[in-house]
Amino acid sequence: MIENSNENLQDINEILQVRRKKLSELVSNGENPYAVTKYEVDASAKQIIENYDNFEGKAVSLAGRIMSKRGMGKASFCDLSDRDGKIQLYIRKDEVGEDSYEKIKKIDIGDIAGVTGEVFTTNKGEISVKVNAFTLLSKSLQPLPEKFHGLKDQDLRYRQRYVDLIVNPEVKNTFITRSKIVSSMRHFFDSQGYLEVETPVLNNIPGGAAARPFVTHHNTLDMNMYLRIATELHLKRLIVGGMEKVYEIGRIFRNEGMSPRHNPEFTTVEVYGAYTDYNDMMTLTENLVCHVAKEVLETLEITYQGEEINLTPPWNRMTMVDAVKNYTGIDFSAIQTDEQARNAAKDANIAIENTDTWGTILNKLFEEKVEQHLVSPTFIIDYPVEVSPLAKKMQSNPRLTERFELFITRREIANAFSELNDPIDQRERFEEQVRQRAAGNEEANMMDDDFVLALEYGMPPTGGMGMGIDRLVMLLTDSPSIRDVLLFPTMKPKKIGEQS
RNA sequence: GCGCCAUUAGCUCAGAUGGUAGAGCAACUGACUCUUAAUCAGUAAGUCCGGGGUUCGAGUCCCCGAUGGCGUACCA
């Protein structure tokens, strides 16, 4: 590798050449930085700064990336950035020795170094480490983006997230928060007796949602398989099997359009509890989000893109029929036939098709006229059966199901219902989905005979809830795009068509 | 999928009306032992996203394409 470093020197720009030259000099002096295997670290920048009284005057050993250099002749200052912070290094020629100082002058911004030294405060009041030994631990051959503006180019930030993380500290914080949110969720479910499980990502029949799946191929079995579009149907099989409280946090895949709120792969949590219903799931959802917000953000009052959101329960609860009535004046409880519903939709300027029914039209009106108003946390409850193929019908009105969706900042955050456990009803609903599929709806469910068979063995009354974790993280980290909460968002390759 | 906008040095950005590209940071050389967007002097650095076209002349105008951002459509 090292021998190759001179190979195409003419082809690369001067900055890269200079760094490669510095590397080969180190190598020929027997100081190949890439040969170093280990460095003892006993403190971090954040620890030192937060517990300065304990560290003042003490010897510490630190390692991290050099982020800036301020040379002043026989003394230099650097900023060293490590896992959770940044600290200034003060390097004096008379402290480290002449040879060492000359070498330190040649380091580049971006190099990884280990230092030992004494913690002190400069005259200007900055907590620093007076270095007595400096070890280059890895050479950076690429120049970093500018120290003040950081990396702004969105394309590069997503494609080269490692650079984004190095130079834009708030990015690292977002992902630390994401990690804490997921961890807090696990604690919440675990402490309530839910069991975390893992179900297959490779599915024979993708189900549990209306979405086009990704198709892949298994060579030995010589058959196509699908990446899962939800975890729902497997988790409910586990309820049938007597695992009464289960949850899964996992990646799902939907072969659909991309937008600031949609990535082809994203993470959901789904939770199921036997002997509970959608009302219990509403309470659970409220408790979950509040638990996470309190634990991670230490507040229930957040700001999302300039709008203040108060997460303090209880949250608004509104039936879909009431919601549509409030915002459009159209009262679906007074509408009986599909024909009447279609006329109401026309009056409201909603585009409809001949296949639309009372329930699908109610849902369309809700999506087009109501969703945009749901900024504060709001549970919309009692969804039409046509758009809820896996939810239990309401006893009081079989056109509706015991289902809710949670909206915050106009976005769907969670979806839950009293799970349909009637195998005969479930089979009929699948058959309806299959008909829609045959009619060209690529997002309709496929028949899942094994799932129906499972229900035939008997599933207890069960409440279930699914939540988009990426969207929750967006909300809690005030991130405008889903790509800001995904370390490596899906990107189109930059160069195409060159080889083939 | 459609529409609008963006793409200029490693990074952040300027480049009216078409006249042959500029700053700051980073880099390099030098000065400087408490600086912190260090300072000072000097040097070097470009496939102006790619490909066509108009023109005596294109970073700039036109067409096609690439990637991204936003909006819209789609997404129970």
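Just so you know, all these numbers are worked out from the coordinates, no wet-lab data involved. From a predicted model like this one, the values you see are computed outputs, not experimental measurements. Positions of Cβ are backbone-derived with ideal geometry, glycine not excepted, and every protein chain shown enters the neighbour counts.
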(message) Of A:91, A:28, A:75, which is farthest towards the positive pole of segment A:6-138's charge dipole, taken about the Cα centre with +1 and -1 on the beta-carbons of Lys, Arg and Asp, Glu respectively?
(response) A:75
(request) Tell me the label-point distance for the pair residue A:183, residue A:437, using the 7 Å Cα-to-Cβ offset, in nm and rounded to one decimal. (result) 4.2 nm
(message) Run the helix sum for chain A: -39,500 (n - 2.57) per DSSP H stretch of 4+ residues, divided by residue count, reported at 222 nm to the nearest 500 deg cm²/dmol.
(response) -9000 deg cm²/dmol
(message) Placing unit charges on C-beta atoms (Lys and Arg positive, Asp and Glu negative, everything else neutral), compute the dipole magnitude of chain A about its Cα centre in debye, rounded to 20.
(response) 1760 debye
(request) Figure the gain on full extension for residue A:255 and residue A:396 (residue separation times 0.36 nm, minus the Cα-Cα span) and round it to one decimal in nm. (result) 47.0 nm
(request) Quote to one decimal, in nm, the extra length available between residue A:123 and residue A:191 on full extension: 0.36 nm per residue of separation minus the C-alpha distance between them. (result) 19.5 nm
(request) Could you check the simple spin-label distance between residue A:334 and residue A:93, using points 7 Å along Cα→Cβ, in nm with one decimal? (result) 9.1 nm
(message) Restricted to Cα positions, what overall size does chain A have along the principal axes? Three whole-Å values, descending.
(response) 90, 57, 48
(message) Can you order the peptides A:288-295, A:339-346 by their average number of other Cβ atoms within 10 Å per residue, highest first?
(response) A:288-295, A:339-346
(request) Please compute the net charge surrounding residue A:206, taking Lys and Arg as +1 and Asp and Glu as -1 over other residues with Cβ under 11 Å from its Cβ. (result) 0
